[in-house]
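Asker: Quick one: structure below, then a few questions.
The values are calculated or read from the model by the stated rules, or taken from the named source; none is laboratory data. Not measured: the values here are computed from a predicted model. Heads up, the Cβs are rebuilt from the backbone with ideal geometry, glycines too, and the neighbour counts pull from every protein chain shown. Remember, those area values only see protein heavy atoms, side chains included, never the ligands or the DNA or RNA. Shrake-Rupley method; radii C 1.70, N 1.55, O 1.52, S 1.80 Å.
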Amino acid sequence: MGGQVPYFHHHPTAQRKQPPVFLSASPFSNTHQEFVFFRVVEKSVETEMADRVRDLASKKAAVIFTKSSCFMCHSIKSLFYELGASPAIHELDQDLSGREMEWALRGLGCNPSVPAVFIGGRYVGSARDVISLHVDGTLKQMLIDARAIWF
């Protein structure tokens with residue numbers, strides 16, 4: 001067997017894309033040849049999406065990851081608009097990479113994954129967290145400090 005042969009793990013119930021796994025011939029004994037499996041050292045899809053989410057979250061003072069069918073997402077967007085902010089909105093169900101971005105958000109600790117609110121590049125929380133911040137008066141000051149609104 002000359003070199004490495006790509007082997008792709010496909011399973012009908014697998015939901016995540018797996019990086020390629022290669023088979024490498026490696027004789028551990030003189031009597032027979034054994035195969036060693038190892039992963040290619042490369043960025044995984046999850047890591048790339050997490051980097052993309054972090055990048056998108058830091059491009060504007062206020063960023064909200066949402067789904068168009070989520071009523072709490074709509075409420076949080078409306079709240080931001082009422083406070084005078086114009087957040088960057090990323091509708092995951094309208095994005096070709098939306099499912100992977102949702103996995104990345106969960107991996108970053110966003111639970112539930114939407115709405116995921118970032119202010120000043122920092123994860124603030126979901127709808128419950130944002131509403132709590134609004135009720136105690138902290139949300140508006142956070143938006144002012146991040147220069148998402150001016151007063």
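Asker: What does the extension gain come out to for Ser132 and Ser68, with contour length at 0.36 nm per residue minus their alpha carbon separation?
Answerer: Values: separation 64, 0.36 × 64 = 23.04 nm, distance 2.27 nm.
Between Ser132 and Ser68, full extension yields an extra 20.8 nm.
Asker: Sort 138-148, 113-123 for me by packing, meaning the mean count of neighbouring Cβ atoms within 10 Å per residue, highest on top. Walk me through the numbers before you get to the answer.
Answerer: On the way: 138-148: 16.7, 113-123: 21.6.
Answer by packing, highest mean first, reads 113-123, 138-148.
Asker: Could you do me a favour and compute the accessible area per residue for region 46-93, 1.4 Å probe, result in Å²? Working shown, then result.
Answerer: Details: 2370 Å² over 48 residues.
On a per-residue basis, region 46-93 sits at 49 Å².
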